[in-house]
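The values are calculated or read from the model by the stated rules, or taken from the named source; none is laboratory data. In this text, all values refer to a predicted model and were calculated from it rather than measured experimentally. Here the Cβ is made from the backbone with ideal geometry for all residues, glycine too, and neighbour counts use every protein chain on show. The area values use the complete protein model at the heavy-atom level, side chains included, leaving out ligands, DNA and RNA. Shrake-Rupley method; radii C 1.70, N 1.55, O 1.52, S 1.80 Å.
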Amino acid sequence: LKPFWLRALLRTAVTLDLRIPAPTRALACATAAYVRKMPTKMLVAAVAGAACATCAAAMCEVSVGGISVRVSRKGASAFRLNILPPGTEPFANPMVDPELCEAHPDTQGIGKKRCEVASEHGKLIVCSAGVVTVVDAAGRTLTKSEPISLAGKLVLSSSGGKLYGRGAAPQDAKELTATSVTPKVYNRATYTPYYYSTDGYGALGAVKVDRWTGPEMNLTYATDGAKVTWDYGQAAFQLHFMPAASLDEGTKAYYELIGRPAMPPRYTFGFGASRWGWESRVYVEEVLKNFSMGGFGLDYMIIDFEWFMNETDYDYDEHGKPFYADFGWNKALFDEPRAQLEQYRKEYGVRMAGIRKPRIGNSTALQLLKANGWILPNGEPGGSYPPDGHYADGRSVDYSIAGARQWYAKEMEHYTQGDNGVDFWWNDEGETNYFTFWYWNVAQVQALKNTQPNKRFFSLNRAWSPGMARIGAAVWTGDVNADWVDLADTPAMMLNWVLGGAPYVGCDIGGFNGETNGPHLTRWLQVGVFMPVMRVHSVIWATAHFPWNFGEAAAAAIKKTIQLRYRLVPYHYSLAHRLYATHENWIRPLVAEFPSDAEAASIVSQWMDGDILCAPVVREDSAKSIYLPAGTKWFALAAGSGASELFEGGQHLTDIADLEEIPAFVRPGAVLPLADAVLNTDSLAGGTLNVEVYAGADGSFDFVDDDGETTGYATGERRMVAMTWVDSERLFSWTVVGDFPSASAIGFAKLSVTVFAEDGAGGVRATHIGTADIGEGGVMAPEGVLVTA
């Protein structure tokens, strides 16, 4: 058998059923361990995690100067250390996936002089003197602590380890590494209690957060290169260690701990139009018509306050106002909400999202909430970061209370009943507590489950805490300014937030505050093409960031930009499936892909989007500032244009870019599944998968498709087209694994392959080698040979 057939057979055997019975776990784990070594890894990690996890009931504890120190293993990749000073108790940590079992294999038991917990990744050891040691699978010490004491600090050794994953604000966005961090959430700033250290491990810390905590966790970590110090005061402290040899392996272990990111609905991989200031139903429908008639792709619109009320609540006192309808519809925009939303979906393929605030404006509702003790003691921090004052005091719901969440879910249910309701939520101004966004989303998830239990949940949030992605929560980078500074900072903010545990990041393209212009908006949109979430947004008094508002040249460039976004939908959607299955980020800094390239290490204006190196222009003078990492050649991304160029690695590109130019590159061996430039993702149904192969090395890619709307993917309702390019044989092949109920109606039907290769004269030749039904698989070659399985 050819290698690609062998790989397909193995993948099929392992991925048929995620729920492998206990008697076959050993075989399943052994098979998964083998398949992980293959180039194609899609869906294997999910099986390995489900099949190999075990739980035990033992507890390992040592006492250190009156401090209880408890150790265990959390899931397959993390060790949990609980430090409990006198008078404290363990606490629930919402950042950690609650479905992970807590295992205690290889422990020495209660009251012993030493606790040791082991896994295939290494060991966590605590001796009676209070020294904590973390070692890897080879027995190498990764970090070792000073003795635990009542001083309330855990001091860990470091060999100059660099710390990634802290999150960011504009002030430090262009630095990927951390020196001192306090976990906090504000407008335009999220910092996490997590890092990956190049010493070879990841760490996620936590102290208890209650309703009095506010936006900042009472915890810090800092490094001076020789040590990392966690300062937790006199509180109970929980720290998870994850031995991992690289930044990418650290990310996988991190998602194992905080939960695999849920698949967003397919339409979120398209383009979204948002603004504050949708004036009326006539205006909404005029905008939708302009997008359609102008050939500008659009999948969703997001509407601010005006979708449910005709005034804002910013100046309300703690009593609210009796007429304010927090859970209503504004008839100026939606006099027939169900009929309108059905019409917009059928006629334009467009869905609707509405803004939500975590506070309440209605007087009667506020009286109920206060009577039950469901209002937080503080309001929302004002301004940007650092914050300026506060507002909405006495009106912010405490979603950490189950009763408050149940009340809120009940009030929200009517919006999501049936097929023609609000599709997702845009959650704004929830920085009232470090975990407000988490618990608020939990309430919204419950509202959806009460009405449509099989529908995927999705939300877009202004700040976040680790673990929110496992329930479908995405983020955006806050109320950015309409200037070139914030545009240039956007890639760096995205990379820092992704490393911190928020894999689905968007931004207010064009800038929220202030006026943009044609070139500025175009360049920002070109960045957005390669971000997980792509949407424009603007303040009420600014010109809406719609393509036709900024002149013909900008409109033409924007149209081409949005078309590229839609061509990339199958590619991005498959990468999201890979993230769900294997915990591999698809948005990554260059340092993750090229760790030995010193020049790439600090670059934050470029990033990897799967196999694509993205280097969009972010300067007002349109000058490129691109570094192509050494050790490989680079093709210019064709992406449906039919043309490419070839560049040597290790060089800088600094020429001037045309307004329509979007610099992006791939290496030899890249295999990219693309779509036609449709106007919405509904129009992808039954279309052709346009595969681009960049010759010069072997390559593979797993295209994954499903119904795009439901949670069926989590139980195996998906189709994978495993594509392989064998460069020495000039052979392209594909095999099909799995299916989903509506595949024949909405799945891709055909596959068309174009190969880009050096032409021997310094250029690139594009050869279309064939089009075929996807069927169950087949083989193509540049000579036109076609064999369908």
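Find the centroid of the Cα atoms in the stretch 708-759 and in the stretch 433-458, then give the distance between the two in whole Å.
32
Based only on the alpha carbon positions, what is the Kirkwood hydrodynamic radius of the stretch 321-462, in angstrom?
That comes to 16.1 Å for the stretch 321-462.
Leaving out ligands, DNA and RNA, what percent of the accessible area of the stretch 576-639 is carbon and sulfur, probe 1.4 Å?
Summing carbon and sulfur atoms, their accessible area is 45 percent of the total for the stretch 576-639.
Taking 41 Å as R0, compute the FRET efficiency from the Cβ-Cβ separation of Thr543 and Lys346 and round it to 0.05.
Given R0 = 41 Å and the Cβ-Cβ separation, E is 0.85.
Taking the Cα centroid of the stretch 302-346 and of the stretch 176-202, what is the distance between the two, rounded to the nearest whole Å?
Going from one Cα centre to the other spans 37 Å.
Report for the chain the percent antiparallel among DSSP-assigned beta bridges with both residues inside it, nearest 5.
Numbers: 122 of 154 bridges.
So the antiparallel bridges amount to about 80 percent of the total.
How much net charge surrounds Glu593 when only the other residues with a Cβ under 12 Å from the Cβ of Glu593 are counted, with Lys and Arg +1 and Asp and Glu -1? All intermediate terms of the calculation are to be shown ahead of the outcome.
Numbers: positive: Arg588, Arg667; negative: Asp248, Glu584, Asp597, Asp609, Asp611.
Charge balance in the 12 Å sphere: -3.
With a cut-off of 20 Å, note down the residues of the stretch 312-355 whose backbone N falls inside the zone around a label point 7 Å from the Cα of Ser363 toward its beta carbon.
What the label zone holds, given the 20 Å backbone N cut-off, is 312-328.
Which residues' amide hydrogens lie under 5 Å from the amide hydrogen of Val131, considering only partners 5 or more residues apart or on another chain, with H built in the peptide plane?
For Val131, the qualifying residues are Ile148.
Per residue, how large is the accessible surface of the chain? Use a 1.4 angstrom probe and give square angstrom.
35
Peptides 207-215, 291-299: what's the order by average Cβ count within 10 Å, highest mean first?
291-299, 207-215
Heavy atoms only, probe 1.4 angstrom, no DNA, RNA or ligands counted: give me Ser622, Ser459 ranked by accessible area, highest first.
Ranked list, largest accessible area first: Ser622, Ser459.
Taking each pair of different alpha-carbon atoms in the stretch 433-584 once, compute 1/r for the pair, average those values, and report the inverse of that mean as the Kirkwood hydrodynamic radius in Å to one decimal.
Taking every pair of different Cα atoms in the stretch 433-584, averaging 1/r and inverting gives 16.6 Å.
Please compute, over every Cα-Cα pair in the stretch 661-772, the percentage with a separation greater than 21 angstrom. Spell out each step's value before the answer.
Details: 2647 of 6216 pairs.
Tail fraction, whole percent: 43.
Mind listing the long-range amide H neighbours of Ser72? Cut-off is under 5 Å, sequence gap 5 or more, other chains count too, H placed in the peptide plane at 1.01 Å from N.
For Ser72, whose amide H was placed from the backbone, the distant partners under 5 Å are Arg80.
With no solvent and one equal point scatterer placed on each C-alpha of the chain, evaluate the Debye formula and give log10 I(q)/I(0) for q = 0.07, 0.09, 0.10 Å⁻¹, two decimals.
Taking Cα atoms of the chain as identical point scatterers yields -0.51, -0.86, -1.08.
Percent of accessible area on the stretch 355-500 owned by carbon and sulfur, 1.4 Å probe?
Carbon and sulfur atoms account for 49 percent of the accessible area of the stretch 355-500.
Could you state the number of Å between the C-alpha centres of the stretch 682-702 and the stretch 463-498?
First find each Cα centre; the distance between them is then 29 Å.
When the Karplus curve 6.51 cos²θ - 1.76 cosθ + 1.60 is applied with θ = phi - 60°, which whole-Hz ³J(HN,Hα) does each residue of the stretch 488-505 get, with x for Gly and Pro?
Karplus-based 3J(HN,Hα) across the stretch 488-505 equals 5, 7, 4, x, 5, 4, 4, 5, 5, 6, 4, 4, x, x, 10, x, 10, 10 Hz.
Just to verify a number: FRET efficiency for Asp317 and Glu89, C-beta to C-beta distance, R0 = 35 Å, to 0.05?
E(calc), rounded to 0.05, equals 0.40.
Taking R0 as 45 Å, what FRET efficiency do you get between Lys153 and Glu599 from their Cβ-Cβ distance, rounded to the nearest 0.05?
0.75
Hey, what do the phi angles of the stretch 647-655 turn into as Karplus ³J(HN,Hα) couplings, whole Hz, using 6.51/-1.76/1.60 and θ = phi - 60°, x for Gly and Pro?
10, 6, x, x, 10, 10, 10, 10, 7
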